[in-house]
1. What order do you get for 75, 24 when you list them from fewest to most C-beta neighbours inside 10 Å?
2. With a 10 Å Cβ neighbour count serving as the proxy for reagent exposure, in which order, fewest first, do 92, 78, 26, 15 appear?
3. Need one number for the chain: average projected area of the convex hull over its C-alpha atoms, nm².
4. Could you pull out which residues in the range 76-102 have an amide N less than 14 Å from a spot 7 Å beyond the Cα of residue 9, following the Cα-Cβ vector?
5. With 10 angstrom as the radius, rank 34, 72 by how many other C-beta atoms surround their C-beta, starting from the fewest.
6. Taking the inverse of the average 1/r across all pairs of different Cα atoms in the range 52-102, what Kirkwood radius in Å do you get?
C-alpha cells in the first residue's frame, strides 16, 4: 500500500512517499506526481525515507515527472533514500540526473 503527502514548505514542496511503489501502489504514485506538477512552487523535495520498494514502472513515472517538472525551470531533489533503493538508483545512474541525498 502506498501513502503520500504533499506539503508546501518555506522553500517549496515536500512530497513524502510511504510504502511500496509496486503494481498495487503505482496508481497512487502517479496521482501524487500529477498533483505535485499542478503546484506553483519552484522547488520540490521528494522524501523517500519511508519508501520500502520501487519497481521499474515507478522509476519510469519518476523520470517522466522529473522531465516535466524541470522543463518548467523548477528544481527537484530526492532525500531520505534507503540503501537498497539508493543502490538501484545509482546502478541506473539516476543520481547523475537528479540530486539525491541519503
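Each reported figure results from applying straightforward, stated rules to the coordinates on display, with no laboratory input. Note that this is a predicted model, so its numbers are computed, not measured. Counting neighbours? That spans all protein chains shown, and the Cβs are built from the backbone with ideal geometry, glycine included.
1. Details: 75 15, 24 11.
With the fewest neighbours first, 75, 24 line up as 24, 75.
2. On the way: 92 12, 78 25, 26 18, 15 22.
The order, fewest Cβ neighbours first, is 92, 26, 15, 78.
3. Working: hull surface 22.3 nm².
That works out to 5.6 nm², a quarter of the Cα hull's surface.
4. Residues 76-81, 101-102 fall inside that zone.
5. Details: 34 12, 72 8.
Exposure proxy ranking, most exposed first: 72, 34.
6. Numbers: mean 1/r = 0.0880 Å⁻¹.
For the range 52-102, inverting the mean 1/r across all distinct Cα pairs yields 11.4 Å.
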